[in-house]
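K.L.:
Structure incoming, see below.
The values are calculated or read from the model by the stated rules, or taken from the named source; none is laboratory data. Only a predicted model underlies this, so the values are computations on that prediction, with no experimental measurement involved. Note: ideal-geometry Cβ built from the backbone for every residue, glycine included; neighbour counts use all protein chains shown.
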Ligand SMILES: [Zn+2]
C-alpha cells in the first residue's frame, strides 16, 4: 500500500488571480481547485508504477480558508478528503510517518514577496512575518516541516512562478519536482495558460517525481528546539498573542517562543493566528 498526502491551498491554483473572486465567484474558484487537485490525484494513480489504484491511498487536505472548497465527488475514488475548520495542524492534519510522500499543491509566496500572487503567510489578517531559527519561513516550510518531523519527504510542489522561485532553494536538497501553474504579474493579477495545458504539465511532473523518487530519504528538518519569532500585523494582535504564558513580547508587534518540536510549533502558530483574528 502506497500512501500519499496532498496538502492544497487555493492561491496557487491555475485560473485564479485574486481574493475578490474567491468571495464573489465561489463556484468558479471551487471548480478550478477541484479540477487541478483531481488532475493531480489521477496522475498519482496513473504513475504509481506497479500499484493498482485501489492499493494507493491519497489523503487530500482542503486547506484554504475554512477548508470547504473541493468537491469530493470529482476526485479519484481512492482520495479521502479532509474538509472543514477549525482543526489542529490546519493545512496538514493527520500527516504521520505512514505516508510515503507529501504533494504540496496550489501554494503561494510568503507575505511581502514582489509581484507574487496573493502573497501572505498563513493569515493575511494576522501575520506579517515568521522566523524559525533565524530564517524567514512561509507555508511551504510550515507544511514540509511538519511532514519532515515525521520523516515524510515532499515529492511535488506547485504554485505561481514567484512561489516556485522562492522554494527552489530547497529543490536540490529535498529532491522534489516543481510545477508552475501561472505567471504572477502583480499581487492580484496573473497570466494564465489554458487549464488543460497545466493539467498535462502536472501529469509530466508527477510521472517524473514518482519514477525518479529523488526525494526518497530526504525531508525538511529544523534543529530543535525551534526558536520562533513572529511579527504580527499590528500591536493589538501582539497584545493578545502575548496572553499565552510561554510567549515573550520582544517589541510592539513581535513575539517569541521556543518549541520543542514542529508539532508544538504548528499548534502554537495556529492558536496565535486564531487569537489574532479577533482584535476588537
Ligand atoms: Zn489559501
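K.L.:
Would you be able to say whether some residue in the range 175-196 is within 15 Å of the chain's Cα centre (by Cα), under 29 Å from residue 227 (Cβ atoms) and surrounded by 15 or more Cβ atoms within 10 Å (Cβ to Cβ)?
P.N.:
Yes, there is a match, as at least one residue in the range 175-196 is within 15 Å of the chain's Cα centre (by Cα), under 29 Å from residue 227 (Cβ atoms) and surrounded by 15 or more Cβ atoms within 10 Å (Cβ to Cβ).
K.L.:
Do you know which residues across the range 5-49 are within 16 Å of the ligand (Cβ to nearest atom), part of a helix (DSSP H, G or I) and touching a residue at least 40 places away in the same chain (Cβ under 8 Å)?
P.N.:
Answer for the range 5-49, where residues must be within 16 Å of the ligand (Cβ to nearest atom), part of a helix (DSSP H, G or I) and touching a residue at least 40 places away in the same chain (Cβ under 8 Å): 19, 20, 22, 29, 30, 32, 33, 34, 36, 37.
K.L.:
Looking at 245, 225, which one is farther than 30 Å from residue 173 by Cα and either more than 21 Å from the chain's Cα centre (by Cα) or surrounded by 14 or more Cβ atoms within 10 Å (Cβ to Cβ) (or both)?
P.N.:
245
K.L.:
Going by what's in this entry, would residue 1 be described as in contact (Cβ under 8 Å) with a residue 24 or more places away in the chain and within 14 Å of the ligand (Cβ to nearest atom)?
P.N.:
no
K.L.:
For the range 50-64, what are the residues that are in contact with a helix residue (DSSP H, G or I) (Cβ under 7 Å, 6 or more places away or on another chain) and away from the ligand (no atom under 16 Å from the Cβ)?
P.N.:
Passing the criteria: 53, 56, 58.
K.L.:
Is it fair to say residue 67 is at pLDDT 95 or above, assigned to a loop (DSSP other than H, G, I, E, B), within 12 Å of the ligand (Cβ to nearest atom) and within 15 Å of the chain's Cα centre (by Cα)?
P.N.:
yes
K.L.:
Of everything in the range 141-161, what is over 26 Å from residue 15 (Cβ atoms) and assigned to a loop (DSSP other than H, G, I, E, B)? Give them in sequence order.
P.N.:
Passing the criteria: 150, 151, 152, 153.
K.L.:
Suppose we filter 129, 98 for residues that are more than 20 Å from residue 179 (Cβ to Cβ), assigned to a strand (DSSP E or B), touching a residue at least 24 places away in the same chain (Cβ under 8 Å) and in contact with a strand residue (DSSP E or B) (Cβ under 9 Å, 6 or more places away or on another chain); which single one remains?
P.N.:
129
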